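Bear in mind these aren't lab numbers, they're just calculated from the coordinates by the rules spelled out. As the structure is a prediction and not an experimental result, all values here were calculated from the model. Cβ: placed from backbone, ideal geometry, glycine included. Neighbour counts: every protein chain shown.
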Amino acid sequence: MNVLIAYDVATKDAAGRRRLRKIAQACENSGQRVQYSLFEVSLDRTQWTGLRLKLLDLADEKKDSLRFYFVDSDAFDKTEHHGIRAPRDFEEPMVI
């Protein structure tokens, strides 16, 4: 399943900055950052359920915003990209 994850975290206090770091780290562990607060992830249903629950647990629903956009498999292939952070092919092996 391909998902675009967008977030907006209130960072006026230390707790907000901590939430922002944790949310960004959870997304980085699962996908590719394509903008400062936008990630592309390609996960199976079980992995997605775990990530979604983690993100919802980290965010403060009274101060922050999370959006999950479910994208069909052809959309990433049809995406036009310009500039830094070239797109990653999720079908190729990832070397860590």
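At 7 Å along Cα-to-Cβ for each site, give me the label-to-label distance between Q35 and F70 in nm.
2.2
Taking the radius of gyration and the Kirkwood hydrodynamic radius from Cα positions alone, what is the Rg/Rh ratio for region 2-73, to two decimal places?
Values: Rg = 11.7 Å, Rh = 12.2 Å.
Value, to two decimals: 0.96.
Working out 0.36 nm times the residue gap between K78 and T11, then minus their Cα-Cα distance, what length gain in nm do you get to one decimal? Walk me through the intermediate numbers first.
On the way: separation 67, 0.36 × 67 = 24.12 nm, distance 3.41 nm.
So the chain would gain 20.7 nm between K78 and T11.
Starting from the Cα of K63, draw a straight line to each of the lysines and keep only those under 19 Å, dropping any in the same chain fewer than 8 residues away.
Within reach: K12, K22, K54.
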